[in-house]
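The values are calculated or read from the model by the stated rules, or taken from the named source; none is laboratory data. Treat the numbers as computed from the prediction; the structure is a model and nothing was measured. Reconstructed Cβ throughout: ideal geometry from the backbone, glycine too, with neighbour counts over all protein chains shown. The area values use the complete protein model at the heavy-atom level, side chains included, leaving out ligands, DNA and RNA. Shrake-Rupley method; radii C 1.70, N 1.55, O 1.52, S 1.80 Å.
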Amino acid sequence: MSSIREIQVTFDCADPERVARFWCEVLGYVAPPPPDGFASWEAYNLSLPAEERGAWFACKDPSGAGPRMYFQRVPEGKVAKNRVHLDVRVGTGLVGEERLAALKGECDRLVALGAVCDQILLADEENESCINMRDIEGNEFCLD
């Protein structure tokens with residue numbers, strides 16, 4: 001039997017710290033402290049060559065249960081639909097109107113942070129409601 005591996009979720013983006021801080025708000029994650037010897041991330045970035053400043057940022061689940069999130073700057077913008085996306089589990093255990101209300105409440109909170117609501121998918125005979133969204137750089141995710 002093989003052992004279970006920890007994972008890290010990596011996002012390509014234009015502004016790693018901005019996107020990381022958005023996802024901290026979405027997930028309740030926290031940014032790590034700045035590297036040893038630096039009072040802030042700004043001080044750390046200023047110590048780097050100009051082309052390396054702000055090239056990456058990370059955040060983590062403070063409980064240690066969820067995966068680390070890593071954000072890296074890339075030169076190209078997003079041009080196609082993500083092949084993999086995150087489902088943010090807001091409505092677990094809820095059904096019907098109670099679930100939809102929880103999803104819509106979270107959607108409103110995230111839109112205020114800069115997310116975009118793409119589509120509200122209402123429950124049918126097979127699936128409960130969910131909401132398709134995009135983060136502040138256009139990466140798709142779902143409220144589920």
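Round to a whole number: what % of the accessible area of the chain belongs to carbon and sulfur, probe 1.4 Å? It would help to have the intermediate numbers written out before the result.
Working: 4740 of 9140 Å².
It is 52 percent, rounded to a whole number.
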Does the range 98-144 classify as rounded, prolate or oblate by the C-alpha gyration tensor (a ≥ b ≥ c root eigenvalues; a/c under 1.5 gives rounded; else a/b over b/c gives prolate, otherwise oblate)?
oblate
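For the chain, what does the accessible surface come to per residue with a 1.4 Å probe? Please give it in Å².
Working: 9140 Å² over 144 residues.
Result: 63 Å² per residue.
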Range of Cα positions in the range 43-127 per principal axis (Å), largest first
56, 34, 24
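Dipole magnitude of the chain about its Cα centre, charges +1 at Lys/Arg Cβ and -1 at Asp/Glu Cβ only, in debye to the nearest 20?
Working: 15 positive and 25 negative charges, 79 e Å.
Using only the charged Cβ atoms, the result is roughly 380 debye.
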Just to be sure I understand, if you calculate Rg and Dmax of the Cα atoms in Å for this structure, which of (i) 17.3, 57; (ii) 16.3, 56; (iii) 14.5, 45 do you get?
(i)
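Using DSSP, restrict attention to beta bridges with both residues in the chain and report what percent are antiparallel, rounded to the nearest 5. Don't jump to the answer; show the numbers that get you there.
Numbers: 14 of 23 bridges.
Rounded to the nearest five, the antiparallel share is 60 percent.
Accessible area, 1.4 Å probe, largest first: how do Trp41, Trp23, Trp56 sort? It would help to have the intermediate numbers written out before the result.
Numbers: Trp41 25, Trp23 0, Trp56 80 Å².
Largest accessible area first, the list is Trp56, Trp41, Trp23.
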Gaussian network model of the chain, Cα within-10 Å springs - most flexible of Val95, Val30, Val111:
Val95
Computed ³J(HN,Hα) along the range 17-33: with the Karplus parameters 6.51/-1.76/1.60, θ = phi - 60°, integer Hz and x for glycine or proline, the list is 5, 4, 5, 4, 5, 4, 5, 4, 5, 5, 9, x, 7, 10, 7, x, x
Which listed residue (Leu48, Ala102, Ile131) has the Cα farthest towards the positive end of the charge dipole for the chain, taking +1 on Lys and Arg C-beta and -1 on Asp and Glu C-beta about the Cα centre?
Leu48
Specify the angular offset, from 0 to 90 degrees and rounded to the nearest 10, of the alpha carbon long axis of helix 96-112 from the longest principal axis of the alpha carbons in the chain.
30
Classified through the alpha carbon gyration tensor (a ≥ b ≥ c as square roots of its eigenvalues; rounded if a/c is under 1.5, else prolate when a/b is larger than b/c, else oblate), the range 35-87 comes out oblate
When the chain is treated as a Gaussian network with springs between alpha carbons less than 10 Å apart, the largest mean-square fluctuation among Phe11, Phe38, Phe22 is found at Phe38
Taking springs between alpha-carbon atoms closer than 10 angstrom, which of Glu106, Glu51, Glu42 fluctuates most in the Gaussian network model of the chain?
Glu51
